[in-house]
Amino acid sequence: MGISNAQNQALLNSEISILLRSYNDIFSDFDPNTYIDRTLSDDFINQAKKMFINKIGKQLTLKLHLPANMRNEADEKIIIKGLHSHFNTMHQQLKSDLKKTNKIGWILTLSGIIIMIAASYLSFMKPDKYHAHLLIVLFEPAGWFLLWTGLDHLVYSLKETKKDRSFYSGMAKSEIIFSNH
């Protein structure tokens, strides 16, 4: 009893369905621009993110349901193009942010390690001068602070950015369909 090709395809595909009252539900109420340039609504993005959680690694279809009398094919083509553009832009921005955060994390971590090595070296030399003791007192907490802040960047900050990047990557590649409800 094997899995048929249709069943296998269904496991790989995933659908996010969102019910809309009008096209304006997709966009911010404060942005008067045309559909291609309008800012997406935070409610729309948050709802899509909630529905995306179990769909990672699958080919997505974003299905936007509207009343039949509200639909306009020309507007839908423009909106789909704008959505893909927004998702691609956000994905690229998060990709860039991820690299910066990673770089900062490594710089902070390595700086902390270097400062702690310097403090250890000064301590090992058993200096008799006040200035050397002062440097040890300053270097030890600074080293620990930089080390833990760097590790925080590498572990926790990157985790959240990776989730958002995964969402925007999936949405950028998704098929966007309008349908009647």
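Over the chain, what lengths in whole Å, largest first, do the semi-axes of the equivalent ellipsoid take, defined as the square roots of 5 times the eigenvalues of the alpha-carbon gyration tensor?
Details: eigenvalues 534, 86, 24 Å².
They are 52, 21, 11 Å, listed largest first.
From the cross-link list 50/103; 49/100; 63/95; 50/77; 49/95; 49/173, which pairs have alpha carbons spaced over 22 Å apart? Can you show the working numbers first?
Values: 50/103 29 Å; 49/100 24 Å; 63/95 26 Å; 50/77 25 Å; 49/95 18 Å; 49/173 15 Å.
Checking Cα-Cα distances, 50/103; 49/100; 63/95; 50/77 exceed 22 Å.
So what does residue 94 come to for accessible area, using a 1.4 Å probe and Å² rounded to 10?
Looks like 20 Å² after rounding.
With a 1.4 Å probe and every protein chain left in place, tell me how much accessible area residue 181 has, in Å² to the nearest 10.
120 Å²
What's the angle, to the nearest 10 degrees (0 to 90), between helix 73-124's Cα axis and the longest principal axis of the chain?
Long axis of 73-124 versus the principal axis of the chain: about 10 degrees.
Return the carbon/sulfur percentage of the accessible area of the range 28-181, one whole number, probe 1.4 Å, all protein chains in place. List each step's numbers first, then the result.
Numbers: 6040 of 10120 Å².
Here it works out to 60 percent.
Cα axis of helix 42-52 to longest principal axis of the chain: angle in degrees, 0 to 90, nearest 10?
In the chain, helix 42-52 runs at an angle near 90 degrees to the longest axis.
Using helices alone, what [θ] at 222 nm do you get for the chain, with -39,500 (n - 2.57) per DSSP H run of 4 or more residues, divided over all residues and rounded to the nearest 500?
Numbers: 5 runs with 110 residues, N = 181.
Per the formula, -21000 deg cm²/dmol.
The values are calculated or read from the model by the stated rules, or taken from the named source; none is laboratory data. All values reported here derive from a predicted model rather than from experimental measurement. When the accessible area is computed, the model is the full protein with side chains, heavy atoms only, and any ligands, DNA or RNA have been set aside. Shrake-Rupley method; radii C 1.70, N 1.55, O 1.52, S 1.80 Å.
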